[in-house]
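Shown next, in structure tokens, is the structure this report addresses.
The values are calculated or read from the model by the stated rules, or taken from the named source; none is laboratory data. Keep in mind the model is a prediction, meaning the values are calculated, not measured. Heads up, the Cβs are rebuilt from the backbone with ideal geometry, glycines too, and the neighbour counts pull from every protein chain shown. Heads up: the accessible areas ignore ligands, DNA and RNA and are worked out on the full protein's heavy atoms, side chains in. Shrake-Rupley method; radii C 1.70, N 1.55, O 1.52, S 1.80 Å.
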Amino acid sequence: MIQQRPAHRPWTFAAVCVMVTSLTLLVFGLTQVPVIELAPGYVATYMLIGVCIFGPTGKLPSLRQAMSFLLPGALFVVLALLNLGFWCGGWLLGLPAWGLMLNRWTSANALRAVDVLKFLGLLVLGIAVFTLNSIWVIFSLGLFLLPVIVLVRLAYPEYRARLLQAAVEVVLALAAVLVAFAIPTPEGSWSPPWMYAGGAATAGLMITYWAWKSPRHFRRSQHNNGAIV
């Protein structure tokens, strides 16, 4: 059996760290400025996550990958501007995982409807974790997993060999923690920003881990001799 693996992989963990830091800042910003003033930050976050997912692969995403990645974000921005809820923040929780799924979507590796439904179910669960973490603080502990995960990965020579990726992810993981504790608690808020950051980290890691493990369930083309291509 011959199975080819891509030489360059998406920086999924970096995308999660970007999401955690940005969502923490966006939630804090909701208490300070109108939603429309947060749009540039949201767009920048979206693009950064896209770069983390599609950039390291060394090839441009296809039209269907790009449209599937960008359109949900644009829709949720419109809803936010119409004062119909800040759903774009909730979508960010699953964006690294969604990008990873789209990155693997090819004619030989189909993105099945059942996988999309599973992703949406986990996204709803992630939004619930993010919303309820002020009540159950244990969900906020995911913030401290970010530097732990990257330090554990540094123990593997294969990861250390990817020097640029390792350096970027160390910086992003530490920055997520530092930003969460540097932001002051908004007046009248029940929870400090680090708790929201922790909820985002827990939800993001949960959804992204599922997406990372899920390719075994994707359909691949197979020839009569059994070789997977």
Excluding ligands, DNA and RNA, what is the solvent-accessible area per residue of segment 78-132 at a probe of 1.4 Å, expressed in Å²? 44 Å²
Considering the chain as a Gaussian network with a 10 Å cut-off on Cα pairs, which listed residue, Asn133, Asn103, Asn83, attains the greatest mean-square fluctuation? Asn83
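Over the chain, what relative contact order in percent results from Cα pairs under 8 Å that are six or more residues apart? The partial results should precede the final answer.
Details: 292 pairs, mean separation 73.5, N = 229.
About 32 percent, as a whole number.
So, counting K/R as plus one and D/E as minus one, what does the shell of residues with Cβ under 13 Å around Ala97 add up to? Could you put the intermediate results ahead of the total?
Values: positive: Arg104, Lys118, Lys213; negative: Asp115.
Spelling it out: positives minus negatives among the neighbours equals +2.
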Enter the Cα centre distance for the pair segment 29-64 and segment 188-213, rounded to the nearest angstrom. 18 Å
Pairwise label distance in nanometres, Tyr156 with Thr31, each label 7 Å out on the Cα-Cβ vector: 3.8 nm
Sort 124-132, 110-118 by packing, meaning the average of other beta carbons within 10 Å per residue, with the highest value first. 124-132, 110-118
To the nearest 10 degrees, how steeply does helix 193-213 sit against the main Cα axis of the chain, on a 0 to 90 scale? 10 degrees
Ala166-Thr106 FRET efficiency (beta carbon distance; Förster radius 25 Å; 0.05 resolution): 0.35
Calculate what fraction, in whole %, of the accessible area of the chain sits on carbon and sulfur atoms when a 1.4 Å probe is rolled over the protein chains. 71 percent
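Using the Cα centre as the reference, give the magnitude of the dipole from point charges on the C-beta atoms of the chain (Lys, Arg: +1; Asp, Glu: -1; all else neutral), rounded to the nearest 20 debye.
Details: 14 positive and 5 negative charges, 221 e Å.
Roughly 1060 debye for the chain.
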Once normalised by the length of segment 35-157, the mean sequence separation of its alpha carbon contacts under 8 Å that are 6 or more apart gives a contact order in percent of 21 percent
Taking only Cα atoms, what is the 0 to 90° angle, nearest 10, from helix 87-103's long axis to the longest principal axis of the chain? 20 degrees
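At a Förster distance of 35 Å, what's the computed FRET efficiency of Arg64 paired with Thr185, Cβ-Cβ distance as r, to 0.05? Write down the numbers at each step before the final one.
Details: r = 43 Å, r/R0 = 1.23.
FRET efficiency, Arg64 to Thr185: 0.25.
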Calculated [θ] (222 nm, deg cm²/dmol) that DSSP helices of n ≥ 4 give over the chain, each run adding -39,500 (n - 2.57): -21500 deg cm²/dmol
Rounded to a whole number of µm²/s, how large is the Stokes-Einstein D of the chain at 25 °C and 0.890 mPa s, given Rh as the Kirkwood radius over C-alpha pairs? 133 µm²/s
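Once fully extended, how much extra length lies between Leu141 and Val78, figured as 0.36 nm per residue of separation less the alpha-carbon to alpha-carbon distance?
On the way: separation 63, 0.36 × 63 = 22.68 nm, distance 3.23 nm.
Additional length available on full extension: 19.5 nm.
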Could you tell me how many degrees, from 0 to 90 and to the nearest 10, lie between the Cα long axis of helix 163-182 and the main elongation axis, the longest principal axis, of the Cα atoms of the chain? 20 degrees
Out of Gly99, Gly50, Gly121, any idea which swings most in a Gaussian network model of the chain, alpha carbons joined below 10 Å? Gly121
